[in-house]
There are 2 protein chains.
Amino acid sequence: MQNPEPPLFFQVFNEIGIIEQLSRTILEEHMPKGLIAPHFAVLNHLTRVGEGSTPMDMARAFQVPKTSMTHTLSGLEARNLVETRPNPKDGRSKLVWLTDAGRALRADIIASLAPEFAKLSNGFDGDKLAQILPVLSELRVFLDENRSGK
Amino acid sequence: MQNPEPPLFFQVFNEIGIIEQLSRTILEEHMPKGLIAPHFAVLNHLTRVGEGSTPMDMARAFQVPKTSMTHTLSGLEARNLVETRPNPKDGRSKLVWLTDAGRALRADIIASLAPEFAKLSNGFDGDKLAQILPVLSELRVFLDENRSGK
DNA sequence: CTTGTTTGGTTCGATATCGCACTACATAGT
DNA sequence: ACTATGTAGTGCGATATCGAACCAAACAAG
């Protein structure tokens, strides 16, 4: 038994899958009708990583096909939450920017999540989360570097 | 600062979301065309938890709407990977059973994942996974118990 | 037993995801 | 410059997800 048991990986990925489901559901309960987690992910990415990303930047960051990103962005653009401008450095691509409405919506969603975070803070030991975070990051990086390619 | 920083939760859920994406992609690369992760989840559930589950049992276990489960099962049934029988205890519901083909497919998929697990074993410290697993389970249970309801 | 409510499952319509094919622009090799 | 190959983005078709509405069986209250 020189290998970690396959069931260990299975269990970890299984738990992660369920947690992803549950946390996504919570997030989506705090989003306006018609918008879902990927829309939030884009608003959040533009705020944190910086506006002026290209669609492909974000597709790669989220590991989704570029066609999915096109679709997600079109939903955001239709609601005036982002706007796109041509990329002066590359005639094929676009740069994506938040509108004021987009920035405001992201802030509102995060603010409305405060009670959920409070519940978590009260009911769950934050130290444990702090302990697993670096391992999760490491695992994410490992998987990211070893992915076959989408 | 009596609260754990909201960013901590954010980061944890963010990493979990990305890991879920990446691990799901790996799994689906090892599945026959037309079948995706939810199909595997059902085959796996029936094997582990026991055959003869109802669709609602599984919808709850996976935290998906029952309509999604109907759809997933119909895909499996169309390929003769599961079969359903009436529930003798409840005229409204069905019981789901694996076919031999379903059992075989699950086994084949798991077997074909062995190289991926080997890569993980070699490149990633199994002890770290063992350490985070109980925290993930705890977090999953906490979220599960506190969910608003779907 | 009758009635009102709950629960398991399906159908349907709207939106999402994703692979494939395609266009336009970019870049490398000669 | 010319051609070949690569890359960003879109259009389209197939399947997936999910909420709303619906039906039938179960169950609870009287």
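Derivation of every value follows stated rules applied to the coordinates shown; laboratory data play no part. Given the structure is predicted, the values throughout are model-derived calculations rather than measurements. As a convention, Cβ positions derive from the backbone with ideal geometry for all residues, glycine included, and neighbour counts pool all protein chains shown.
For the protein assembly as shown, the normalised intensity computed at q = 0.07, 0.09, 0.10 Å⁻¹ comes to -0.31, -0.52, -0.64 (log10 of I(q)/I(0), Debye sum over alpha carbons, equal scatterers, no solvent). Label-to-label distances for B:A118 across copies, nearest first, come out at 5.4 nm, using points 7 Å from Cα in the beta-carbon direction. Under 10 Å, Cα contacts only: if you run a Gaussian network model on chain A, which one of A:F40, A:F124, A:F62 comes out with the highest mean-square fluctuation? Residue with maximal mean-square fluctuation among A:F40, A:F124, A:F62: A:F124. Net charge within 11 Å of B:V96 by Cβ-Cβ distance, Lys/Arg positive one each and Asp/Glu negative one each, not counting B:V96 itself? That works out to -2.
Placing a pseudo-label 7 Å from each Cα along the Cα-to-Cβ vector at B:E29 and A:V49 gives an inter-label distance of 2.0 nm.
Database remark: amide H of A:S53 closer than 5 angstrom to the amide H of A:V96 (H placed geometrically; neighbours at sequence offset of 5 or more, or on other chains; Pro and chain starts carry no H).
Restricting to Cα pairs below 8 Å that are 6+ residues apart, what does the relative contact order work out to for the stretch B:31-112? Please round to a whole percent. Display every interim value, and only then the final one.
Details: 84 pairs, mean separation 26.6, N = 82.
Relative contact order of the stretch B:31-112: 32 percent.
Each of A:F142, A:F13 was scored by other Cβ atoms within 10 Å of its Cβ. Arranged with the fewest first, they read A:F142, A:F13.
Among A:H39, B:H45, A:H71, the order by Cβ neighbours within 10 angstrom, fewest to most, reads A:H71, B:H45, A:H39.
Quick check for me: using +1 on Lys/Arg Cβ and -1 on Asp/Glu Cβ, what's the dipole size of the protein assembly as shown about its Cα centre, in debye to the nearest 20?
Values: 34 positive and 36 negative charges, 191 e Å.
It comes to approximately 920 debye.
The aspartates and glutamates within cross-link reach of B:K33, meaning a Cα-to-Cα straight distance under 17 Å and a gap of 8 or more places when in the same chain, are B:E77, B:D108.
Ranking B:G52, B:H71, B:G102 by Cα position along the charge dipole of the stretch B:31-112, where only Lys, Arg, Asp and Glu carry charges on their C-beta atoms, puts B:H71 farthest toward the positive end. Under the convention that each Lys and Arg Cβ holds +1 and each Asp and Glu Cβ holds -1, the size of the dipole of the stretch B:31-112 around its Cα centre is about 160 debye.
Taking the Cα centre of chain A as origin and charging only Cβ (+1 Lys, Arg; -1 Asp, Glu), how large is the dipole, in debye to the nearest 20?
On the way: 17 positive and 18 negative charges, 127 e Å.
It comes to approximately 600 debye.
Taking a ≥ b ≥ c as the square roots of the eigenvalues of the Cα gyration tensor, an a/c ratio of 1.5 or more together with a/b no larger than b/c marks chain B as oblate.
Mean Kyte-Doolittle of at least 0.0 and a Cα length of 15 Å or more along the axis: which whole DSSP H helices of chain A meet both?
What comes out of the filter, once short or polar helices are dropped, is A:6-29, A:37-48, A:100-112, A:126-146.
The helix-based estimate of mean residue ellipticity at 222 nm for the protein assembly as shown, built from -39,500 (n - 2.57) per DSSP H run of four or more residues and divided by its residue count, is -22000 deg cm²/dmol to the nearest 500. Spacing of the modelled spin labels on A:W97 and A:T84, each 7 Å from Cα toward Cβ, amounts to 1.6 nm. By the beta-carbon count within 10 Å of each Cβ, the least crowded to most crowded order of A:I36, B:I110, fewest first, is A:I36, B:I110.
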